[in-house]
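What follows is a set of notes on a single structure, which appears directly below.
The values are calculated or read from the model by the stated rules, or taken from the named source; none is laboratory data. What you see is a predicted model; the values in this text were computed from it and never measured. Glycine also receives a Cβ, built like all others from the backbone with ideal geometry; neighbour counts cover every protein chain displayed. Side chains included, ligands, DNA and RNA excluded: accessible areas come from the protein's heavy atoms. Shrake-Rupley method; radii C 1.70, N 1.55, O 1.52, S 1.80 Å.
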Amino acid sequence: MGLHVAVLIKQVLDPEVPAARFQIDASGKRPAAGIAGEVLGPYERNALEVALQLKDAGAAEKVSVITADGQEAVESLRKALAVRADQAVLVDTSGHDDLDPAQTAEILARAVEKLGGVDLVVAGRQAGDWDHGQVGYLVAERLGWPCVSLVQRAELDGGVLRLTRQGPDGREVVEARPPLVVTVTNDERNVLRLPRVQDLMASRRQPITQWSPADLGLDAAALADLAGGEVLRLRIPERESQCEFISGDDPAEVAATLVRRLKELKLL
Amino acid sequence: MIVIAGRGGQELSRAQRELVTVARRLAGDLGSQVAYLAVGPEAEAAARRAGAFGIGRAVAIELNDASGAVEPIIENLAQGARRLGASVVLLAADHLGVQAGPRLAARLGGSALNDAVDVRVEDGRVIWTRPVFGGKALADVVLRRSPAVVTVRSGAFEAAEEGAGEAAVDVLEAVAVDTAVRVVQREEGRQEGPRLEEARVVVSGGRGLGGPEGFQRLAELAELLGGAVGASLAAVDEGWAPPEWQVGQTGKMVAPDVYFAVGISGASQHLAGISGAKAVVAINKNPDAPIFKVARLGVVMEYEKLLPALIEAVKRELA
Ligand SMILES: Cc1cc2nc3c(=O)[nH]c(=O)nc-3n(C[C@H](O)[C@H](O)[C@H](O)COP(=O)(O)OP(=O)(O)OC[C@H]3O[C@@H](n4cnc5c(N)ncnc54)[C@H](O)[C@@H]3O)c2cc1C
């Protein structure tokens, strides 16, 4: 029997939106609507790829993706189905205020329990919007499972997971047994694959499992009470320096000027 | 009690001394005390050392765990924080902090916050500031539960100076934790040259290098200048540079005198790692690249043309 892997994903404001275009809305607490599109978060893409590689290798039997968000996140769930995740679950939290990591983690942990039979939870190291870096870790605590962080690649070897991860000074290989939570960081081997055209088409017709927080036993008051903190306001930091451009077409001349300026500025 | 937590060691690291600054500010404004908590093989040495930073109370938990798993560290940090009656626990936002902060908060029934870059007290409320949206905004946040377990971004606060004094140290026995997680292999990262975080010169490359060969050029320049090579996330994802070289929000925080950004666009997440650089030199073929907005010196040119000339110019200067 292969593993049932649950990947926790999040759709985020495109992290590549240039700083110059970033604006705050009238509440002062979140980005203005419409400054950029939304994408499946970069670290969630890496997490999904790690799970799919376990499936390719025959180690995982089923890959489920879960998100807690509004209906717009169906788009990212379909992206996951298009690269052949087996099941997609949306816990629809529209109508609840912006969720903080403690709330999100409780919802996702309950969704993992409701799915049943999950052996491995894979999360990105941090979501590319609010950059909290908490959810995977909090889900591990909530489930009472150990957690291996900053994983780049996973293999199953006789019931034991062999995880390549970023250690304090270089790569490490860690062995662990399911049930387990891992958080994923990027490297060249977990860049998310592209979908095949026929899978892309098929993903449009696949069902999305829809749950509400109430289906998970969380009413609005209970959910609100889980919040760990509150954002008072956002502001945009100042960060400009006057760039001195060294112009010219002759590389040798430009290079000589650059070195001279660095010395004059006492930087070299 | 404001608790500075870490793995101990013979000295308080720069990151730990930055935490001292945060702790002092909070303790002053809240009228509380500062304590030090170390969990690791050299816990007691560090706990004694903490006295020299005006810290009166410390807990040392001598943990010698061979598994390499983080769970024993987290559980023992939780024990120590409880013993000290922590209302705030401060950790460096480093490799340990990233994985331990939120989990420690959960175990202590508190709230977690990562990457604090500022803190102030207003009407008795502690307001933390952290970068969000890859550093494109700063959020002021209040936490609801106690203790607040906060990781602090390196370089955001001044490091405290050592003075004189002694801490009353409680040495506790470590709680054993077996999670069946084991590190079975360790690869050494970069060998030659200075560490990225400490280098006076960093030469970094991005997607604009177009391939791994470009990094050889950067390494040549870095070596001439006694510096280290860094990379953007995009270059790591391409497989041109190992993940240990990544600079930025989810990579290394660097603070060199000169940071060369070659073929790097200057995404906010990358810039988050170089705010400590004295000067940025941007080399990019696109004059509108955001990297020029934070650069001191800029060259708009294909790097393939400039780099060989730059290497020659540096060689001439040094000769
Ligand atoms: C949560 C999160 C965390 C992240 N953490 C990090 C991080 O820690 N570090 C990081 O770097 N990124 C990080 N990123 C990614 C970041 O958003 C950018 O995607 C990334 O930094 C882009 O890398 P780049 O500048 O190399 O590539 P690009 O943005 O593609 O830029 C390439 C540049 O090269 C220039 N160029 C092309 N050809 C040449 C040439 N021949 N000569 C000179 N210039 C040329 C182009 O004009 C362009 O400006 C993170 C993103 C998220 C969402």
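Odds and ends about this structure:
- Relative pair counts by distance (%), Cα atoms of the protein assembly as shown, 10 Å bins: 3, 17, 26, 27, 18, 7, 1, 0
- Look at the Cα gyration tensor of chain A: its axes a ≥ b ≥ c give a/c of at least 1.5 with a/b over b/c, and that counts as prolate.
- Prolate/oblate/rounded call for the range B:69-126, Cα gyration tensor, a/c under 1.5 rounded: oblate
- Mean separation of Cα contacts under 8 Å, 6 or more apart, over the residue count of the range B:52-189: relative contact order %: 39
- Chain A: DSSP helices with Cα axial extent of at least 15 Å and average Kyte-Doolittle hydropathy no lower than -0.5: A:101-115, A:251-264
- When the pairs A:K62/B:K136; B:K136/B:K285; B:K136/B:K278; A:K79/B:K293; B:K293/B:K315 are compared against a 26 Å limit on Cα-Cα distance, A:K62/B:K136; A:K79/B:K293; B:K293/B:K315 fall above it.
- The protein assembly as shown - percent of accessible surface contributed by carbon and sulfur, probe 1.4 Å: 47
- Computed FRET value (nearest 0.05) for A:E113 with B:R25, which takes r as the C-beta separation and R₀ as 51 Å: 0.75
- Cβ-Cβ distance of A:D14 and B:R48, R₀ of 45 Å, FRET efficiency by 1/(1 + (r/R0)^6): the value works out to about 0.35.
- Annotation: chain B has a Kirkwood hydrodynamic radius of 21.0 angstrom, from the mean reciprocal C-alpha pair distance.
- Working note: Karplus 6.51/-1.76/1.60 with θ = phi - 60° gives the range B:6-20 the couplings x, 8, x, x, 6, 10, 7, 5, 4, 4, 5, 6, 5, 5, 4 Hz, where Gly and Pro are set to x.
- The range B:246-319 shape via C-alpha gyration tensor axes, a/c threshold 1.5: oblate
- Here's the picture: a label point sits 7 Å out from the Cα of B:A168 along the beta-carbon direction, and within the range B:20-46 the residues with their amide nitrogen under 18 Å of it are B:32-38.
- In this simple spin-label model, placing a label point 7 Å from the Cα along the Cα-to-Cβ direction at both A:Q206 and A:E61 gives a separation of 1.8 nm.
- Shielded by partner chains, the range B:233-258 residues - at least 10 Å² of accessible area, 1.4 Å probe, vs chain alone: B:L233, B:V236, B:D237, B:G239, B:P243, B:E244, B:Q246, B:Q249, B:T250, B:D257, B:V258
- Which of B:S13, B:S146, B:S111 is most accessible, then next, and so on - probe 1.4 Å: B:S146, B:S13, B:S111
- Relative contact order for chain B, counting Cα pairs under 8 Å that sit 6 or more residues apart, in percent: 15
- Amide H contacts of B:A92 (H built 1.01 Å from N, under 5 Å, at least 5 apart or other chain): B:V152
- The amide H of B:G110, built 1.01 Å from its N in the peptide plane, has no neighbour under 5 Å, considering only residues 5 or more places off or on other chains.
- Solvent-accessible area buried by B and A, counting both chains, probe 1.4 angstrom, square angstrom: 7000
- Between B:R83 and B:R125, the modelled label-to-label distance comes to 3.5 nm, taking each label 7 Å out from Cα in the direction of the beta carbon.
- Chain A: most fluctuating residue of A:I246, A:I24, A:I208 per GNM, C-alpha cutoff 10 Å: A:I246
- Each of the GluC sites (Glu not before Pro) that DSSP puts in a loop and that has at most 12 other Cβ atoms within 10 Å breaks chain A; the longest unbroken stretch is A:1-237.
- Under Karplus coefficients 6.51, -1.76 and 1.60, residue-wise ³J(HN,Hα) of the range B:32-46 in Hz, glycine/proline x: 10, 9, 10, 10, 10, 10, 10, 10, x, x, 10, 5, 5, 4, 5
- Cα-based Rg / Dmax (Å) for the range A:150-267: 26.3, 70
- Semi-axes of the equivalent ellipsoid of the range B:2-172 are 23, 18, 15 Å, computed as sqrt(5λ) over the eigenvalues of the C-alpha gyration tensor in descending order.
- The residues of chain A have, on average, 43 Å² of accessible surface per residue, using a 1.4 Å probe with all protein chains present.
- Amide H within-cut-off set for A:W130, under 5 Å, with H built and near neighbours excluded: B:F133
- A:W145 contributes an accessible area of around 50 Å² to the protein surface, as traced by a 1.4 Å probe with all chains present.
- Computed E for B:R195/A:Q242 - FRET, C-beta separation, R0 41 angstrom, nearest 0.05: 0.85
- Considering only the Cα atoms of the range B:218-269, their convex hull presents on average a projected area of 3.6 nm².
- Solvent exposure of the range B:1-108 amounts to 32 Å² per residue of accessible area, where only protein heavy atoms count and the probe is 1.4 Å.
- Percentage relative contact order, the range A:120-235, counting C-alpha pairs under 8 Å, at least six apart: 23
- Using θ = phi - 60° and Karplus 6.51 cos²θ - 1.76 cosθ + 1.60, couplings along the range A:155-160 (whole Hz; Gly, Pro as x): 9, 10, 9, x, x, 10
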